[in-house]
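First comes the structure, then the notes that go with it.
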Amino acid sequence: FPGSILSLYIAPQGRATGSPFAHRGELRQAKRIVVKLGSAVVTRGDECGLALGRLASIVEQVAMLQNQGREMMIVTSGAVAFGKQRLRHEILLSQSVRQALHSGQNQLKDMSLPVLEARACAAAGQSGLMALYEAMFTQYSTCTAQVLVTNLDFHDDQKRQNLNSTLQELLRMNIVPIINTNDAVVPPPEPNIDLQGVISIKDNDSLAARLAVEMKADLLIALSDVEGLYNSPPGTDDAKLIDIFYPGDQQSITYGTKSRVGIGGMEAKPYLSRRLSNRQSTRLLVKAALWALHGGTSVVIANGTHPKVTGHVITDIVDGKKVGTFFSEIKPAGPTVEQQTEMARNSGRTLASLHPDQRSEIICHLAELLTERKDEILVANKMDMDLAISAGNLPPAMLNRLSLSTAKLNSLAIGLQQIAVAAQDSVGRVLRRTRVAHSLELEQITVPIGVLLVIFEARPDCLPQVSALAIASGNALLLKGGKEAANTNRVLHQLTQEALSLHSIKEAVQLVSTREEVEDLCRLDKVIDLIIPRGSSQLVRDIQRAAKGIPVLGHSEGICHVYVDAEASVDKVIKIVRDSKCDYPAACNSMETLLIHRDILRTPLFDQIIDTLRNERVKIHAGPRFASYLTFSPSEAKSLRTEYSDLECCLEVVDSMQEAVDHIHKYGSSHTDVIITENENTAEQFLQKLDSACVFWNVSSRFADGYRFGLGAEVGISTARIHARGPVGLEGLLTSKWVLRGDGHTVADFSEHGTMKYLHENLPVGQHLAGQRNSN
């Protein structure tokens, strides 16, 4: 093994019992893995020669997993295709030489190739295929061994035992067995009958399943040119990839052109000159996978040919990511996350159509439940706190967020009451009304965004806040909370659904409690419209990287600056600096860098600032310029772009307000930045020149908060430059649509210059669409 890898890696232990893994996340524990490579994966599109680039990426993944301490086996196709390429080359060369000797070069165009017999192709290709595998694996210091088998080898007990013993020994010596059917001597196909419950070897699918069970493999990965199993023929409007396939589902499916489970037109490996029908190959593939599953081996069917995923498809499967179709014997009691999203969307549309008073009524009822059922909430929260304390893996700041109290619940209820009032003027509000032509009236009105996915860490108070904002804005909501607050989140979600039941829309807010990975949720771009992460900067960055095609509202860092100008008031400086840094150091709006005007150095104000920070036990990191002024400076800051989220901060010196602005633009995160000065002109220039989401004058950075802004609550603080920015409350969860009303007689009238002849007469804008319509 390469020492650099194994020295830091703990090898997986495999399954604790003989049962297959129940959930994708458990695949990380797989130790013995069989990878089956179908003909479509190994060969080129013309079926004459190998897809070398694709094969190289697969070898790299297998070698990496092998070097992590796993036991890898490969069942491969490709010998016939490789041999066909070699034999064609030899035949063409032979024919060209003969024709050149007897007929001249003018006859070369008429050369035709004879039909090549598959057994001969296999014989010619097996050695070359194996040599190629060996050369590729050698690049990763991994040894390989070839094992050729036929169906008859599994009928003889002694041969089967010998095969098992050979493979066990190879795996013990850290060698990757490359296994294939010996197509050079394979007998004619037998009837499609399995012997005494043992699957018959008809192709590499059944071979891989048989070997996986015989060798007690933890996982079988079957790669082909399809994504997996579908609930209806691929390519049709309703076709959806089946994430998890259960044995009981096979009773309700049919095979063939009208199959409810399709595999993308996949065909079995050619047997001599014959191909199995799509219907038969589908049945055989599913049959082989189910047979392996019943034998104790987990199975995943996935695409090994897609250029965007081939380079990591195997490692993604082993890492538990949602790739292909996972076969499982255990069907979860609740709905899948896709089903939850669909239910939320359907109920969300009903929620959006409610009268504003009805949405306010739901939120008010939720606020009442928070105080009426506080004992139930606090009991669940105590369970979470006890578990977190005993585990000992949460820092004090996160424990503080996890903890709920009567005071916190009362404060939450007050915030929800504010949201209920704001909900009266949210969905359906007319933003613009224009008469664009006679009998044509255009309106722009506010509407919900759609389905929101909010991912939050150990902060259960986030659940009722975000739920209330989603209800007020008419949005469906999917919630994924940290496992540390599982009990508290469950109770709070039950109360939320109880409040929604007032108008029969309890499914509009869903709590994802399955083992769904955050990265998998971020891939649901067809059903989720906006992702809002609530948590650490690392969580936000991870979600921003994982989101594919879904906008993410949030900020990755909160590097907030406070600039102390030369004309600052002493009392204001001390109060603002202390509050900005020490009130809640872990908050994203906490001060991380203190900028001091050069004229303040070696003054009583500077001494008071340093004394204040020291008294609060704030560790100071000196910026490069500040350090140059001191003989004995504090520890120098490793970076001027650091979010400490603790009682630490960087202190740097600047020559002017403009230099402070330039510093913030270079090292800040466009979150919240503050100037302390008594010079109004200097302050106004700072506020105008700085383009952060929140810019304050003589105010603590901690005021960058939805509650303090009067928003009732916030779903987060956004540093994006489109849509919502700064603390995001109810308004940030709305978008708009255009509504045009006419009498049916007006048509688009274009002039000769291609411009419509419009009146563009602006009309008064009402407070609410429904109210305006009624008043008219």
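The values are calculated or read from the model by the stated rules, or taken from the named source; none is laboratory data. The model shown is predicted, which means the values in this text are computed figures rather than measured ones. FYI the Cβ positions are ideal-geometry reconstructions off the backbone, even for glycines, and counts take in every protein chain you see. Remember, those area values only see protein heavy atoms, side chains included, never the ligands or the DNA or RNA. Shrake-Rupley method; radii C 1.70, N 1.55, O 1.52, S 1.80 Å.
Quick notes
- Sub-6 Å Cβ pairs linking a first residue in segment 725-752 that is under 30 Å from Cys588 (Cβ atoms) and surrounded by fewer than 21 Cβ atoms within 10 Å (Cβ to Cβ) to a second residue that is among the polar types (S, T, N, Q) and at pLDDT below 90, at least 6 apart or interchain, are Arg725/Ser718, ordered by first then second residue.
- Whether a residue is free of Cβ contacts under 8 Å to residues at least 24 places away in the same chain and not in a loop (DSSP other than H, G, I, E, B) was assessed, and Val447 does not pass this test.
Table: residues versus (1) in contact with a strand residue (DSSP E or B) (Cβ under 9 Å, 6 or more places away or on another chain); (2) in a helix (DSSP H, G or I); (3) charged (D, E, K, R).
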position	(1), (2), (3)
Arg119	no, yes, yes
Ala123	no, yes, no
Leu129	yes, yes, no
Ala135	no, yes, no
Ala145	yes, no, no
Arg160	no, yes, yes
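- Verdict on Ser536 being open to solvent by 10 Å² or more (accessible area, probe 1.4 Å) and over 25 Å from Arg349 (Cβ atoms): yes
- Listed by first and then second residue, the pairs linking a residue in segment 396-421 that is not assigned by the TED database to the domain that holds Glu361 to a residue that is open to solvent by 70 Å² or more (accessible area, probe 1.4 Å), with Cβ atoms under 7 Å apart and 6 or more places separating them unless they lie on different chains, form an empty list.
- Of all residues in segment 469-487, those being assigned to a helix (DSSP H, G or I) and either open to solvent by 10 Å² or more (accessible area, probe 1.4 Å) or of a type in the set (Val, Ile, Thr) (or both) number 5.
- The residues on offer are Val653, Val674, and the sole one that is at negative phi, without any contact (Cβ under 8 Å) to a residue 60 or more places away in the chain and assigned to a strand (DSSP E or B) is Val653.
- Among the residues of this structure, Val540 does not count as one that is in contact (Cβ under 8 Å) with a residue 12 or more places away in the chain and closer than 19 Å to Phe686 by Cα.
- Where Arg490 falls short, out of the listed (1) open to solvent by less than 20 Å² (accessible area, probe 1.4 Å); (2) touching a strand residue (DSSP E or B) at 6+ places or on another chain (Cβ under 9 Å); (3) at pLDDT 90 or above; (4) in the same structural domain as Arg401 (by the TED database): (1)
Table: residues versus (1) among the basic types (Lys, Arg); (2) modelled with pLDDT of 95 or more; (3) within 34 Å of the chain's Cα centre (by Cα).
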residue: Ser513; (1), (2), (3): no, no, yes
residue: Ile532; (1), (2), (3): no, no, yes
residue: Gly558; (1), (2), (3): no, no, yes
residue: Lys581; (1), (2), (3): yes, yes, yes
residue: Cys588; (1), (2), (3): no, no, yes
residue: Leu601; (1), (2), (3): no, no, no
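- Matching residues in segment 308-342 - criterion: being without any contact (Cβ under 8 Å) to a residue 60 or more places away in the chain and not aliphatic (A, V, I, L, M): Lys308, Asp316, Pro335, Gln339
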